[in-house]
Ligand SMILES: [Zn+2]
């Protein structure tokens, strides 16, 4: 009848037995040794990271009968009472069940009385973020200036829910999730002590991975595996206990999604439903996988693999492969879609429908990764490559590709047309008299106007469809051409007037003069128009 579960039996009894959290343990040991203790602490971090354990050790250090010390004896009455949970001056309050202001007031009424057994009264308030607003307000005054014999330790998993006024009155310690190596080391030690046989270290790593940073979860899993395997922990036992890793579910769903295999997706969802999977948890895993894929795409070296499990290595390999296949934009899009799907899960008729609709939404927005493939298609110059790309697509996608093909062809036709126009425009003509100038300038003007309009139309189309293809002659180029021509004309006009002053007789008739003025006027107009267009173009950029 004296059997204690591992999580309680192997709870550290001294500071030196604590796994991880060195930054917290060090600070508390120093403050105990120097006898400089703050009156209020906040311990925050994920579940099973050692918050309550260290809070109790702190209470031991304060109340050990030897002295205030970090090296608790563990054998005196106070130490053993704290361990067994019957020390009268360690008051543990569960804020989740006692969140009302009346509850808070009732324990605050007793704060002023001296401790009855030890040297300090330690108030350990668990899940403190669950307290009501009035409870926090009632706590403020005492938390700021408590009696000398009182210490507060507020424990929470969600410190961001605490009011600023509470946070500023406390010393805050953040507890990190334990890494796999730390958990495996502790599990190995316990297996040795408990005479549990393990086939390879891999099985312990598997357990540690499934515990997701929580030593308590890891110990519970170890106990479960020990009972199932009758004191022998093997990979087979772990596999039958944990089933597939949850991340495997998420990964294979994303693989089917990128293949656009709707039947497979529906089958998988059906299977998961039979397994009784937690859909919210599956959403979370999908988001984690997408995040890892995104990191693979941008900085593959930052994902250092600290575990040696063969199965997990295989999973990493598959994620790496996916990161080559999905474009970064689509990874971001999927992430958004699944994030939204998870948020709206509670509104869905059932969680399964929520998952199905999110999958279909992801499919609807990214039809078989067409974007990345068509990019590849755009860039490919030779036809053999084009055919190769086309082969990888279903019929429907091939028709889409053909449409794109037609579109790019029409674009290249127009580009050729523009080029021809420009060749004509830049062609040099000899000007013998003012009549030639009028003719040449007139034709130049028309051609420039024509090419300019074409350019603008195509430009708009190209900008809206694919920013990668740009015409060879941007509008700014045309503008400078025309302005250049206009400057030359103005110079010619000035020279012409100069010559008119010196010459009394003129062979230029009024018709020629009018023609020249007309050209100049039209060029001035065009100047305004172009710079306007140019502005619009620039804005679009
Ligand atoms: Zn003691």
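Quick rundown of the values:
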| item | result |
| --- | --- |
| Candidate set: the stretch 55-76, residues that are more than 8 Å from the ligand (Cβ to nearest atom) and without any contact (Cβ under 8 Å) to a residue 40 or more places away in the chain; chosen: the one nearest to the chain's Cα centre (by Cα) | 69 |
| Flag if residue 339 is crowded, with 20+ Cβ neighbours inside 10 Å and at pLDDT 85 or above | no |
| Which listed residue is touching a strand residue (DSSP E or B) at 6+ places or on another chain (Cβ under 6 Å) and within 18 Å of residue 168 (Cα to Cα), from 122, 128 | 128 |
| Verdict on residue 120 being within 16 Å of the ligand (Cβ to nearest atom), assigned by TED's automatic domain parsing to the domain that holds residue 164 and in contact (Cβ under 8 Å) with a residue 60 or more places away in the chain | yes |
| The stretch 84-112: number of residues that are within 16 Å of the ligand (Cβ to nearest atom) and buried (at least 16 other Cβ atoms within 10 Å of the Cβ) | 3 |
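Matching residues to (1) buried (at least 22 other Cβ atoms within 10 Å of the Cβ); (2) modelled with pLDDT under 85; (3) touching a strand residue (DSSP E or B) at 6+ places or on another chain (Cβ under 7 Å); (4) not assigned by TED's automatic domain parsing to the domain that holds residue 319:
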residue: 202; (1), (2), (3), (4): no, yes, no, yes
residue: 208; (1), (2), (3), (4): yes, no, no, yes
residue: 211; (1), (2), (3), (4): yes, no, no, yes
residue: 224; (1), (2), (3), (4): no, no, no, yes
residue: 254; (1), (2), (3), (4): yes, no, no, no
residue: 261; (1), (2), (3), (4): no, no, no, no
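The values are calculated or read from the model by the stated rules, or taken from the named source; none is laboratory data. This is a predicted model, so every value here is computed, not measured. Note: ideal-geometry Cβ built from the backbone for every residue, glycine included; neighbour counts use all protein chains shown.
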